[in-house]
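Let me begin by presenting the structure, written as structure tokens, before commenting on it.
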Amino acid sequence: MKKFINANIYKSNAKEIIVADGKFLEIGNNLRVCDNTIDLKNKLVLPPYVDPHLHLDYVYSLSEGLGAKTGTLFEAIALWPKFKKNLKASEVRERAIKGIYDEVSQGVQYIRTHIDVTDPNFTALKVMLDLKEELKDKLDIQIIAFPQEGMYTYKGGRDLVEEALKMGADVVGGIPHFELAREFGEKSIHDIVNLSIKYNKLIDVHCDETDDPNSRFLELLNALVLMEGIGEMTTASHTCSFGSADNSYAYRMFDLFKRSKMNFISCPTENIYLQGRQDSYPKRRGLTRVKEFLEEGINIAFAQDSINDPWYPLGNGNMMNILDNGIHLAQIMSPNEIENDFDLITYNGAKCMMLDQYGFKIGNPANFIVLDENNVFDAIRKRVNVIASIRNGEYLFKRETKYDIKLDL
Ligand SMILES: [Zn+2]
């Protein structure tokens with residue numbers, strides 16, 4: 001048994017945590033005395049960061065795999081199919097572990113990853129299923145069967161998704177706006193919902209990741225999951241086009257999203273980089289309506305999406321950076337908004353992933369992180385680091401605080 005004291009727990013008045021057998025035994029104040037007591041020095045304590053949208057089979061493929069010369073988006077996209085054909089399991093594994101390290105070493109303990117299953121050998125999927133099991137003491141991984149090249153841009157695409165679900169993928173993915181015609185995009189949405197029901201899997205679709213305000217696959221996805229009563233199991237990722245739709249349409253849809261209880265994920269750094277490319281000025285931001293979703297009580301989380309892949313050259317697994325960019329781009333910085341902004345990289349992502357043992361509840365695994373500040377406002381303002389990550393009551397890592405230096409001014 002061990003006791004953590006002087007913990008400024010996010011959205012709680014409790015300052016003390018007692019852990020036994022890797023689980024939260026007690027959370028409160030003036031708890032019983034323990035021999036093993038750890039002083040967290042009034043630092044801010046959060047549940048671990050959640051990254052609910054990351055392509056772990058692509059990480060570092062831009063600089064290490066593709067041998068990019070100019071580093072432009074178009075060069076990388078042209079190289080990708082060739083690269084994909086020659087995927088080696090050992091290389092996929094090495095790169096994925098590097099990406100996981102980036103994230104876990106900065107406070108993430110939950111990753112939902114899209115794995116491209118338009119590879120009949122399922123090389124990356126097999127690697128990821130192994131890693132999920134091997135690394136379960138360090139982090140939880142959810143795997144999406146993601147058809148990067150679509151279900152109907154060639155024959156057999158849909159069946160590969162089904163096969164991946166049979167092999168153990170947790171979530172059905174899709175990319176309807178990339179299908180060759182609207183009809184095929186709609187067909188893929190029906191397939192996604194049917195596969196979810198058939199195999200009892202969650203849904204997470206790359207949905208309407210375009211500036212085209214007429215891309216309306218989100219509307220169909222929402223209607224189907226509403227009718228089937230599986231909205232809470234469903235996430236629409238990106239939905240950039242919804243940020244370009246007009247208000248009369250958007251407000252009608254808010255009501256329908258509330259009825260279905262569907263979740264949303266926005267990838268702020270990725271979409272600000274990729275969208276608006278055909279705009280002159282004014283130039284759109286390419287983000288979905290994050291601020292309005294929050295105001296309407298519709299669940300939305302932020303995610304990293306890419307680390308150095310053909311779609312986005314940067315990325316380092318630092319969720320504070322994602323939060324920082326996201327709250328600027330979505331303009332969510334009123335005092336009340338800032339007090340709740342950490343939800344976007346913690347509880348909201350956990351809700352998308354339907355993590356039922358997440359957060360500070362008695363009996364849950366004792367998983368939490370410690371930030372290098374005492375309160376939410378200063379932690380966000382200073383974009384502070386995670387100085388400790390605790391999993392099942394044990395330190396995954398601990399690092400020095402930046403305030404250890406002394407500077408005379
Ligand atoms: Zn993605």
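Size descriptors for segment 49-352: radius of gyration and Dmax over Cα atoms are 17.9, 52 Å. Could you pull out the trypsin sites (Lys or Arg not before Pro) across segment 227-310 that fall in loop regions by DSSP (anything but H, G, I, E, B) with no more than 12 other Cβ atoms inside 10 Å? When the trypsin sites (Lys or Arg not before Pro) of segment 227-310 are filtered for loop state and at most 12 Cβ neighbours within 10 Å, 277, 283 remain. The alpha-carbon of residue 85 sits under 20 angstrom from the alpha-carbons of these aspartates and glutamates, leaving out residues fewer than 8 places away in its chain: 57, 64, 75, 94, 116, 119, 149, 159, 163, 309.
Computed from label points 7 Å out along Cα-Cβ, the spacing between residue 377 and residue 255 is 3.8 nm.
Taking the chain as a Gaussian network, Cα atoms linked when under 10 Å apart, which of 309, 57, 191 shows the biggest mean-square fluctuation? Ranking 309, 57, 191 by mean-square fluctuation puts 191 first. Can you figure out the FRET efficiency of residue 86 with residue 316, using R₀ = 25 Å and their beta-carbon distance, to the nearest 0.05? Plugging the Cβ-Cβ distance into 1/(1 + (r/R0)^6) gives 0.40.
In the elastic network of the chain, a GNM with C-alpha springs shorter than 10 Å, the most mobile of 25, 125, 371 is 25. Helix screen, the chain: no DSSP H segment has Cα axial length of 20 Å or more and mean Kyte-Doolittle hydropathy at least 0.0. Residues whose amide H falls under 5 Å from that of residue 119, counting only those 5 or more places apart or on a different chain, are absent, with hydrogens built in the peptide plane. GNM on the chain, alpha-carbon springs under 10 angstrom: the most fluctuating residue among 179, 103, 394 is 394.
Atom-type composition of the exposed protein surface of the chain places 50 percent of the accessible area on carbon and sulfur (1.4 angstrom probe).
Here the label points at residue 399 and residue 1, each 7 Å from Cα along the C-beta direction, are separated by 3.4 nm in the simple model. Counting 0.36 nm for each residue step from residue 354 to residue 190 and taking away their Cα separation leaves a gain of 56.8 nm. Could you tell me which of the pairs 84/126; 98/351; 291/351; 3/398 are separated by over 21 angstrom between their Cα atoms in the structure shown? Pairs exceeding the cut-off: 98/351. For the chain, the solvent-accessible area with a 1.4 angstrom probe is 44 square angstrom per residue.
Taking 16 Å as the straight-line reach from the Cα of residue 11, the lysines in range (excluding those fewer than 8 positions away in the same chain) are 43, 361.
The values are calculated or read from the model by the stated rules, or taken from the named source; none is laboratory data. All values derive from a computational prediction rather than experimental measurement. Cβ coordinates were reconstructed from backbone atoms using ideal geometry, including for glycine residues, and neighbour counts include every protein chain displayed. Surface areas here come from the heavy atoms of the whole protein model, side chains and all, with no ligands, DNA or RNA. Shrake-Rupley method; radii C 1.70, N 1.55, O 1.52, S 1.80 Å.
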